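Here's the structure we're looking at; comments come further down.
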Amino acid sequence: MTNTLPAPMLLTANDVLRLSGYKSRSSLYRLIRQNRCPAPVSIGGSQIRWRAQDIEAWLGGLPQRVY
């Protein structure tokens, strides 16, 4: 039995938009600048991705709206 960690799932900007419900990349990048959303990581060249666990934690930590 080996103790290896599974590779982290990486999400594109479109994935993050779909999961979060935001409609535009500009909204996503505005949240990042305001430190209200996890920043992406560079995977080489000009490609960036978000760690799935970071996005999951961010979405899970958003306050629920009480009606």
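Return the sequence-ordered ³J(HN,Hα) values of the stretch 28-39 in whole Hz as given by the Karplus equation 6.51 cos²θ - 1.76 cosθ + 1.60 applied to θ = phi - 60°, using x for Gly and Pro.
Each residue of the stretch 28-39 in turn: 4, 5, 5, 4, 5, 4, 8, 6, 10, 8, x, 7 Hz.
Counting only heavy atoms of protein chains, what accessible area per residue, in Å², does the chain have with a probe of 1.4 Å?
81
In whole percent, what relative contact order does the chain give with Cα contacts below 8 Å and a gap of six or more residues?
35
Ordered by residue, what ³J(HN,Hα) values in Hz, to whole numbers, does the stretch 15-24 give under the Karplus form 6.51 cos²θ - 1.76 cosθ + 1.60, where θ = phi - 60° and Gly and Pro are x?
Result, ordered by residue: 4, 5, 4, 4, 5, 8, x, 5, 9, 9 Hz.
Where the accessible area of the chain is counted over protein heavy atoms with a 1.4 Å probe, how much of it, in %, is carbon and sulfur?
Heavy-atom surface of the chain belonging to carbon and sulfur, 1.4 Å probe: 53 percent.
On alpha-carbon atoms, Rg over Rh for the chain using Kirkwood Rh?
1.05
Using a 1.4 angstrom probe on the protein heavy atoms only, could you order Tyr29, Tyr67 from most to least accessible area?
The ordering from most to least exposed comes out as Tyr67, Tyr29.
For Val41, list long-range residues whose amide hydrogen, built 1.01 Å from N in the peptide plane, is under 5 Å from its own amide hydrogen.
Arg49, Trp50, Arg51
Tell me, what ³J(HN,Hα) does each residue in the stretch 45-54 have, in order and in whole Hz, if you take phi through Karplus 6.51 cos²θ - 1.76 cosθ + 1.60 with θ = phi - 60° and put x for Gly and Pro?
Once rounded to whole Hz, the list reads x, 9, 8, 10, 8, 10, 6, 4, 5, 5.
The values are calculated or read from the model by the stated rules, or taken from the named source; none is laboratory data. Just so it is clear, the model here is predicted, and its values are computed rather than measured. For the accessible areas, the whole protein counts, side chains as well, though only heavy atoms, and no ligand, DNA or RNA atoms are used. Shrake-Rupley method; radii C 1.70, N 1.55, O 1.52, S 1.80 Å.
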